[in-house]
Amino acid sequence: MNRNTLDEVAERFNTDKVSNLHDFLRFYHRRLSHLRDEKFVLYEVGVLNGGSVKTWEAYFPNATIVGIDIDPRCTEFEGGNIHIRIGDASRVDFMFDLVTEFGRPTVFVEDGSHRWDHQISTLQTMFPLVVPGGFYIMEDIDTSFQEHLEKAPFEGLSTISAVDYLFKLARVVIGERALKDEKPYDLFINDWAPWVGSVDLGRRTSVISKKLAPGGGPI
Ligand SMILES: C[S@@+](CC[C@H](N)C(=O)[O-])C[C@H]1O[C@@H](n2cnc3c(N)ncnc32)[C@H](O)[C@@H]1O
């Protein structure tokens, strides 16, 4: 059966992830298409005009889609397999309550404030909860660079950029035992790098896959 790609599905909806804008979806299709008919939970931080949650719903017809936004107007996109919850994704208690309500994510997409501190802390909070074999996506990581910083204080409270943090995580994933006595950057990387199958870096976005088991187990 010839089915539309994720990028083709998104053409019907209003999201900047499509190939003539950010071009994230061709990158994701190659990593997520095996989940297409699976029953699982996908969370996305950042609903805005509803274009991406509608795309996920159309592409993953058996998945539960949970859209999170601070803007109460986003509740208008609730319906079908799409659930919308209003709150600040940088609040750990709020995010944990969502996982209690809907279950652990197989796919978690972070497309919210694009602040470094939020990008890093949401990864630290949510990657441990991603089901083994699942994926954590951190978008718009180009806010780690100069052009964006001239427009807004994307650093937030962080002294390390999201891209440099992903490099530090990737360093431990790649180096593994060869790093010998080199200490990982922080406790999250120390504890969770063994669960990371890959840190895939694309144009302005990244997909971190979670292994089925830590250490040398299958990815
Ligand atoms: C880039 S837009 C999302 C675009 C959407 N995912 C798409 O592809 O069509 C970012 C959204 O994140 C929301 N947002 C910003 N900071 C947030 C936070 N701390 N928690 C939850 N949502 C946030 C904004 O209100 C905005 O609607």
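Loop only by DSSP, 13 or fewer other Cβ within 10 Å of the Cβ. Give me the trypsin sites (Lys or Arg not before Pro) in region 142-216 that pass, ordered by residue number.
K151, K180, R203
Quote the FRET efficiency, to the nearest 0.05, computed for T159 versus S198 with a Förster distance R0 of 25 Å and r equal to the Cβ-Cβ distance.
Working: r = 26 Å, r/R0 = 1.05.
Efficiency for this residue pair is about 0.40.
With a point put 7 Å past each Cα toward its Cβ, work out how far D186 is from L149 in nm, to one decimal.
1.7 nm
Under 5 Å between amide hydrogens, which residues at least 5 positions from G133 or on another chain qualify, with H placed 1.01 Å from N in the peptide plane?
Hits under the 5 Å cutoff: K210, K211, L212.
I need the calculated FRET efficiency for the pair N14 and E176, taking r as the beta carbon distance and R₀ as 41 Å, to the nearest 0.05.
On the way: r = 42 Å, r/R0 = 1.03.
My answer for the efficiency is 0.45.
Can you tell which of G80, G50, G202 shows the greatest fluctuation in a Gaussian network model of the chain with Cα springs below 10 Å?
Taking springs between Cα atoms under 10 Å, the residue moving most is G80.
So which residue, out of I208, I160, I68, gets the largest mean-square fluctuation from a GNM of the chain using Cα contacts under 10 Å as springs?
Greatest mean-square fluctuation among the candidates belongs to I160.
Relative contact order for the chain using alpha-carbon pairs under 8 Å, separation at least 6, rounded to a whole percent?
Details: 378 pairs, mean separation 33.0, N = 219.
Relative contact order, the chain: 15 percent.
Each residue of region 188-194 in order: what ³J(HN,Hα) in whole Hz does its phi give by Karplus 6.51 cos²θ - 1.76 cosθ + 1.60, θ = phi - 60°, with x for Gly and Pro?
So the Karplus estimates, Gly and Pro as x, are 4, 5, 4, 7, 10, 4, x Hz.
Just to confirm my numbers, what's the Cα centroid distance between region 26-72 and region 103-168 in Å?
The distance from the Cα centre of region 26-72 to that of region 103-168 comes to 17 Å.
Only the coordinates and a few stated rules stand behind these numbers; no lab work does. Keep in mind that what you see is a predicted model, and the values were worked out from it rather than measured. Positions of Cβ are backbone-derived with ideal geometry, glycine not excepted, and every protein chain shown enters the neighbour counts.
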